[in-house]
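To keep things clear, I will list the structure first and then write my remarks on it.
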Amino acid sequence: MHSPASESALLALYRAWGRVGLSAIHPAGAVVTLILIGVGASGCSLSRTDAFAKMDDKDVTGSISPTQVNAVMPTESDLAFARNAASDVLTKGDKDSSQPWENPQTGARGSVTPLAQAYSGEDGKTCRDFLASYVNRATETWLQGAACKAGQGRWQIQSLKPWSKS
């Protein structure tokens, strides 16, 4: 139970608040307000196609100097250990396994991991592709190879080359 004076004061306050709030904005003003809120909340991006925005492979940025990385190929004695590891892991038949290897004489080590299931090679032999790591001191090299089944279920490496990310 409010007195008539307090009721008229509340009514005046309600009317003033209505003029200040969103209901006081006309439909055209509401559209403009929503557009401004959308533009203000969105991000902006510009794409430059002029010569200043293009870089060549020769361009260098930052303080890191470009270096040439030469693939270090394993020695024959290291390859013998890697071949045994490749034969073991390819014989298992699981494409999600990996076989480590180490040459105690040179200290070189690595692992061999099959890349896919077996497939039929050109001469009808069963073949598989693999990826091998080769770590010798501070140098790490990745090699990609293919091996095919030879006599007595052993795998013979057909190709081995430095792996290049493509």
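The values are calculated or read from the model by the stated rules, or taken from the named source; none is laboratory data. This structure is a prediction, so every number in the text was calculated from the model and none was measured. Using ideal geometry, Cβ is built from the backbone for each residue, glycine included, and neighbour counts are taken over all protein chains shown.
Some observations on this one:
- Residues in the stretch 137-147 that are buried (at least 18 other Cβ atoms within 10 Å of the Cβ) and either modelled with pLDDT under 85 or farther than 21 Å from Asp96 by Cβ (or both): 1 in all.
- Residues that are over 15 Å from Thr91 (Cα atoms) and part of a loop (DSSP other than H, G, I, E, B) within the stretch 112-164 comprise Gly121, Glu122, Asp123, Gly124, Arg137, Ala138, Trp163, Ser164, listed in sequence order.
- Subset of the stretch 71-83 (residues that are at pLDDT 85 or above and either touching a helix residue (DSSP H, G or I) at 6+ places or on another chain (Cβ under 6 Å) or loosely packed, with under 15 Cβ neighbours inside 10 Å (or both)): Glu76, Ser77, Ala80
- If the condition is being of a type in the set (A, V, I, L, M), under 18 Å from Lys149 (Cβ atoms) and at pLDDT 90 or above, then the stretch 112-131 contributes only Val112.
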